[in-house]
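Novice: Structure in structure tokens, see below.
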Amino acid sequence: MLTSKIEDALNKQVTVEAASSQIYLAMASWAENLGFEGVSQFMYAHSDEERAHMLKLMKFINERGGHATISELAAPPTEFGSFKDMFQSLFDHEVFVSKSINDLVDIALQEKDYATHNFLQWYVSEQIEEEGLARNILDKINLIGDDKSGFYLFDNDIKQLITKPADSKL
Ligand code: OFO
């Protein structure tokens, strides 16, 4: 059984994951409009992954006797400047999400809820992976600089980094 403090904190994380999914969807649409197929496919897949993270949390809350709730979300931006800016925002956002997960882990320990603590370890590992991936992409973009042909290859290469939402083990 979840305490109401944990239930609220987990529901806040549901909102964070839903907002992440929306932000990445907006990035996917922006890239698609610019004709960058690889980047847009990557972002669509990333958006699906965030939705899977949200669903995994919801199932956990409901299984443990809580009530997973859905909140209103702020509209994400429609423009992201350059790809470098966009991937920088993605990286910054992942750092923010990692902090949010760490805070949640802290609350689980304070409440002595070891089942939730154990459940959250999957998110801790996932955040390490996602921050690493975003950092890797940013390094590549910095190497390419203003080279248009380099960017064409990058748009193609990024398709290989697409992970399936099934990896989230719903
Ligand atoms: Fe949900 O993993 Fe990124 O934010």
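The values are calculated or read from the model by the stated rules, or taken from the named source; none is laboratory data. No experiment lies behind these values; they were computed from the predicted model shown. Note: ideal-geometry Cβ built from the backbone for every residue, glycine included; neighbour counts use all protein chains shown. Note: accessible area is taken over every heavy atom of the protein model, side chains too, but ligands, DNA and RNA are not part of it. Shrake-Rupley method; radii C 1.70, N 1.55, O 1.52, S 1.80 Å.
Novice: Considering only segment 38-74, state which residues are open to solvent by 70 Å² or more (accessible area, probe 1.4 Å) and not in a helix (DSSP H, G or I).
Specialist: 67, 70, 72, 74
Novice: Can you give me the number of residues within segment 18-40 that are in contact (Cβ under 8 Å) with a residue 60 or more places away in the chain and either within 25 Å of residue 70 (Cβ to Cβ) or not small (Gly, Ala, Ser) (or both)?
Specialist: Residues that pass the stated criteria total 7.
Novice: Give just the number: which of (1) surrounded by fewer than 18 Cβ atoms within 10 Å (Cβ to Cβ); (2) within 14 Å of the ligand (Cβ to nearest atom); (3) of a type outside the set (Gly, Ala, Ser) does residue 79 not satisfy?
Specialist: (2)
Novice: Just name the residue that is least open to solvent (accessible area, probe 1.4 Å) out of those in segment 82-107 that are away from the ligand (no atom under 16 Å from the Cβ) and farther than 17 Å from residue 123 by Cβ.
Specialist: 83
Novice: Only one of these is without any contact (Cβ under 8 Å) to a residue 12 or more places away in the chain and loosely packed, with under 12 Cβ neighbours inside 10 Å: 114, 152. Name it.
Specialist: One residue alone meets the criteria, 114.
Yes/no per residue for (1) in a helix (DSSP H, G or I); (2) out of contact with any Asp or Glu (no Cβ under 6 Å at 6 or more places or on another chain); (3) on the phi > 0 side of the Ramachandran plot:
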residue	(1), (2), (3)
76	no, yes, no
120	yes, yes, no
123	yes, yes, no
134	yes, no, no
142	yes, yes, no
152	yes, yes, no
163	no, yes, no
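Novice: Select, from 92, 103, 146, the only residue that is over 23 Å from residue 45 (Cβ atoms) and part of a helix (DSSP H, G or I). Walk me through how you get there before you give the answer.
Specialist: Working: 92 fails: over 23 Å from residue 45 (Cβ atoms); 146 fails: part of a helix (DSSP H, G or I).
103 is the lone residue from the list that is over 23 Å from residue 45 (Cβ atoms) and part of a helix (DSSP H, G or I).
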